[in-house]
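Participant: The structure follows.
The values are calculated or read from the model by the stated rules, or taken from the named source; none is laboratory data. Keep in mind that this is a model prediction, so the values were computed, not measured. Virtual Cβ from ideal backbone geometry, glycine too; neighbours counted across all protein chains shown. These area figures cover heavy atoms from the full protein model, side chains too; ligands, DNA and RNA do not enter into them. Shrake-Rupley method; radii C 1.70, N 1.55, O 1.52, S 1.80 Å.
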Amino acid sequence: MVSDGARGLLGAYELGRTLGEGNFGKVKQARHRGSGGQFAVKIMERARVLSQRADEQICREIATLKLLAHPNVVRLHEVAASKTKIYMVLELVNGGELLDRIAASEGKLPEQEARRLFQQLVDGVSYCHEKGVCHRDLKLENVLVDRKGNIKISDFGLSALPQHLGNDGLLHTTCGSPNYIAPEVLQNRGYDGSLSDIWSCGVILYVMLVGHLPFDDRNIVVLYQKIFKGDAQIPEWLSPGARNLLRRILEPYPAERIAMAEIKAHPWFQEHYVPVLPPY
Ligand code: ADP
Ligand code: MG
């Protein structure tokens with residue numbers, strides 16, 4: 001049985017090719033019959049969602065996206081549910097994942113291009129932080145690129161809102177993807193989600209510039225030891241500005257890590273920077 005909401009939604013869109021596979025289902029391209037507009041529909045199987053006790057994760061993703069409207073954050077247009085599925089109609093981002101873009105460019109990006117994408121990533125992430133949202137799963141697979149080459153941050157399933165803070169004002173759930181996780185998140189003592197997002201942005205910048213992950217190992221214990229030490233090898237051939245910024249972001253001690261406002265004021269970041277200004 002399909003609820004009225006989902007039946008209406010399914011009638012309004014014509015589903016097309018599969019754009020990607022997620023944990024809970026598929027993401028398909030869809031054409032709005034009325035306007036002809038193209039969208040992406042994230043279709044989640046409720047059985048899979050329930051079996052993984054992930055209902056809350058999906059509600060969180062929807063609640064978070066409803067708060068956000070920024071050119072570098074994927075936009076949510078509408079939501080509907082049937083007994084078996086949940087549908088999220090999203091802005092279509094048709095240039096693939098940042099991961100694929102780097103792979104297609106001989107494994108790393110020219111510094112100018114990496115900087116331009118990093119500027120957009122930082123604009124989007126700092127906007128989320130201003131709205132009280134921490135993403136908590138920033139990685140190359142969750143950063144999409146549109147046809148014009150602009151970044152759209154997506155997949156807010158692990159995001160945290162102010163109501164998720166503990167009495168100490170910190171977050172306590174250890175989550176994220178191993179290679180991108182900040183050392184303080186692994187420590188189980190509470191962490192500031194905006195500082196750990198900054199760390200993940202640093203991992204993304206490192207891969208764009210250098211062509212491989214700053215911290216990696218097949219053995220997860222060894223990987224986490226490397227993250228704790230924070231001794232990423234920052235190649236000599238990078239420009240001094242890029243090296244300085246990477247070192248300041250990949251600072252294991254969060255209180256000493258560069259803050260968002262300082263990143264935006266950093267000389268390497270500032271070069272050719274055209275900030276997007278509200279209204280978006
Ligand atoms: P999950 O939460 O299960 O990881 P995602 O939201 O990351 O699901 O979606 C899975 C994949 O589907 C993405 O990695 C991407 O390739 C594709 N995708 C997701 N949202 C969009 C979108 N708005 N436009 C185009 N492709 C998308
Ligand atoms: Mg994802």
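Participant: Give me the log10 of I(q) over I(0) for segment 53-96 at q = 0.14, 0.20, 0.29 Å⁻¹, as the Debye formula computes it from C-alpha points; what are the numbers?
Facilitator: Summing over Cα pairs of segment 53-96 leads to -0.37, -0.72, -1.14.
Participant: Return the sequence-ordered ³J(HN,Hα) values of segment 167-174 in whole Hz as given by the Karplus equation 6.51 cos²θ - 1.76 cosθ + 1.60 applied to θ = phi - 60°, using x for Gly and Pro.
Facilitator: 4, 7, x, 10, 8, 10, 7, 7
Participant: In addition: Report, ordered by chain and residue number, the lysines lying within cross-link reach of K131, taken as a straight Cα distance under 20 Å and ignoring same-chain residues fewer than 8 apart.
Facilitator: K66, K152, K264
Participant: Using the Kirkwood radius over Cα pairs, work out the Stokes-Einstein diffusion coefficient for the chain at 37 °C and 0.692 mPa s, in µm²/s as a whole number.
Facilitator: 167 µm²/s
Participant: Dividing the Cα convex hull volume of segment 54-156 by residue count, how many Å³ per residue is that?
Facilitator: So the per-residue Cα hull volume is 108 Å³.
Participant: Output wanted: per-residue J couplings in Hz (rounded whole) for segment 74-87, from phi through Karplus 6.51 cos²θ - 1.76 cosθ + 1.60, θ = phi - 60°, x for Gly and Pro.
Facilitator: With coefficients 6.51, -1.76 and 1.60, one gets 4, 9, 9, 9, 7, 9, 8, 9, 10, 5, 10, 9, 10, 10 Hz.
Participant: Further, regarding this structure: Convex hull volume of the Cα atoms in segment 134-199, per residue, in Å³?
Facilitator: In segment 134-199, the Cα convex hull volume per residue is 84 Å³.
Participant: Quick one: pull the percent of accessible area on the chain belonging to carbon and sulfur, 1.4 Å probe, ligands and nucleic acids left out.
Facilitator: 51 percent
Participant: For the chain, which DSSP H helices look membrane-span-like by this rule: Cα extent along the axis of 20 Å or more and mean Kyte-Doolittle of at least 1.0?
Facilitator: The answer, listed by residue number, is 193-210.
Participant: Within the set of other residues whose C-beta is less than 12 Å from the C-beta of K26, count the net charge using Lys and Arg as +1 and Asp and Glu as -1.
Facilitator: +3
Participant: Right, something else. So what are segment 196-238's ellipsoid semi-axes, whole angstrom, largest first, if each one is the square root of 5 times an eigenvalue of the alpha-carbon gyration tensor?
Facilitator: Working from the Cα gyration tensor, I get semi-axes of 18, 13, 9 Å.
Participant: Taking 8 Å as the Cα distance limit and 6 or more residues as the minimum spacing, I'd like the relative contact order of segment 122-198 as a percentage.
Facilitator: 32 percent
Participant: With θ taken as phi - 60° and the coefficients 6.51, -1.76 and 1.60, list the Karplus ³J(HN,Hα) couplings across segment 97-109 in order, rounded to whole Hz; mark glycine and proline as x.
Facilitator: 7, 4, 3, 5, 5, 5, 4, 6, 10, 6, x, 8, 10
Participant: To continue, here is another question. Per residue and in cubic angstrom, what volume does the convex hull of the Cα atoms of segment 144-280 have?
Facilitator: Hull volume normalised by residue count: 151 Å³.
Participant: At 1.4 Å probe radius, can you tell me the per residue accessible area of the chain in Å²?
Facilitator: That works out to 49 Å² per residue.
Participant: List the lysines whose Cα sits under 21 Å from the Cα of K83, skipping any in the same chain fewer than 8 residues away.
Facilitator: The reachable lysines, counting only those whose Cα sits under 21 Å from K83, are K26, K28, K42.
Participant: Which distance in nm do the two modelled labels at T84 and Y280 give, with both placed 7 Å along the Cα-to-Cβ direction?
Facilitator: Taking the simple label geometry, T84 and Y280 are separated by 3.5 nm.
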